[in-house]
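Read through the structure below, which is laid out as structure tokens, and then see the notes.
None of the figures in this text is laboratory data; all of them are computed from the coordinates on show. Since the model is a prediction, treat every value here as computed from it, not as a measurement. Cβ placement follows ideal geometry from the backbone for every residue including glycine, while neighbour counts extend to all protein chains displayed.
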Amino acid sequence: MAAALIELRLEATRSDDVRAVLEPVLHQGFATDVAFHRARGLPGGREQVLWLHHLVNGAVLDAITIPVHPGSKVGEVVARAASKLTA
């Protein structure tokens, strides 16, 4: 599913029709994640959730394509970074 979402996001840069459908879904998903973060009393706020999104999206891309550092364990790197971002 992650690969399909990446493909859709790439296609949305080329097609206004795809963008019109996908953009509200992505925006609502982000808003839902921010609300969840706040409701659980997790440290940080909207900006930290945005950082986490970028972190995870990069990790997913690395996991399903050619990794930038083949020896690293993406899950462990994400966990360490997320812990530091929300400390």
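Picking from Leu26, His54, Ser15, whose Cα lies most toward the positive end of the charge dipole for the chain (charges on Cβ: Lys, Arg +1; Asp, Glu -1)? Ranked along the dipole, the leading option is His54.
Which of the trypsin sites (Lys or Arg not before Pro) found in the range 1-84 are loop residues per DSSP with 13 or fewer other Cβ atoms within 10 Å of their Cβ? For trypsin sites (Lys or Arg not before Pro) across the range 1-84 that sit outside H, G, I, E and B with at most 13 neighbouring Cβ atoms in 10 Å, the list reads Arg40, Lys73. Counting neighbouring beta carbons within 10 Å and listing from fewest to most, the residues Phe30, Phe36 come out as Phe36, Phe30. Using only Cα positions of the chain, each an equal point scatterer, no hydration layer, compute I(q)/I(0) via Debye at q = 0.20 Å⁻¹ and quote the log10 values to two decimals. The Cα Debye sum returns log10 ratios of -1.04.
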